[in-house]
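What follows draws every value from the coordinates through simple rules; no lab data is involved. Everything numeric in this text was worked out from a predicted model, so none of it was measured. We place every Cβ from the backbone using ideal geometry, glycine too, and count neighbours over all the protein chains shown.
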Amino acid sequence: MCLNLTLIAAVAIIITGALLAVAQNSLKKILIFATLSQAGFSLLAFCQSGIAAMRMSVLYLFSQVIGLCGLFLCASLIKKATGSDNINHTAGLLKAMPYTALAFLLCAFSIMGIPPFLGFWPKLLTTISSVQEGHIVIEVFAVFGAFLTLFYLMRVFNRVFLGEPKIKAQENNSLSLWLAFGLGVLLLILGFAVKLPFSLIEALIK
């Protein structure tokens, strides 16, 4: 009974956070609600049975912290360059801020669970485990939450970086930019070498 309530709470957090993110136009608020939604995915992973549950949950948290840190850094760079974090007031920044756009996309791909990024593996393993344990309805809602994640992050990318420019901006060649870009690249590298973070997590748990 307790496990079932925790599973329901996990998908409720996923869906609520994602829907609130979809409803926002402030990039900062979108990322705040995205953080809430992604916490639900970590809780869902933790609810799976077996020793792998803890590893999946920690891997989720690890990948999400890296990805969300990168996205918040990108949001800060966008706000600094344009003076606004409203995604309806900025557009066409791809030419003016190409490295920021790439960093955002790399980190977003991991949060969305796109292979081969690090964020893909805990999503895949949690889905398999959840289905094997018979939590089909729970997983349907979780997959819906994953699609919402893809929707609101790609909505941000389309509104901010694509289309005709609405505002003049210049990319700031700062530490924040290269840190965000480095985090995105790290998520890609660790996605290919996923055994490394798994080994580190296993050592920490022991």
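Summed over qualifying helices (DSSP H, 4 residues or more, each -39500 (n - 2.57)) and divided by its residue number, the chain shows a 222 nm mean residue ellipticity of -26000 deg cm²/dmol. Which shape class, rounded, prolate or oblate, goes with segment 1-138 when its Cα gyration tensor gives a ≥ b ≥ c as root eigenvalues, a/c under 1.5 marks rounded, and past that a/b bigger than b/c marks prolate? Prolate shape, in that a/c is at least 1.5 and a/b is the bigger ratio. For the pair V65 and R155, what calculated FRET efficiency results from E = 1/(1 + (r/R0)^6), where r is the Cβ-Cβ distance and R0 = 22 Å, to the nearest 0.05? For R155 and V65, the calculated efficiency is 0.45.
Taking the longest Cα principal axis of the chain as reference, the axis of helix 195-205 is set at about 60 degrees.
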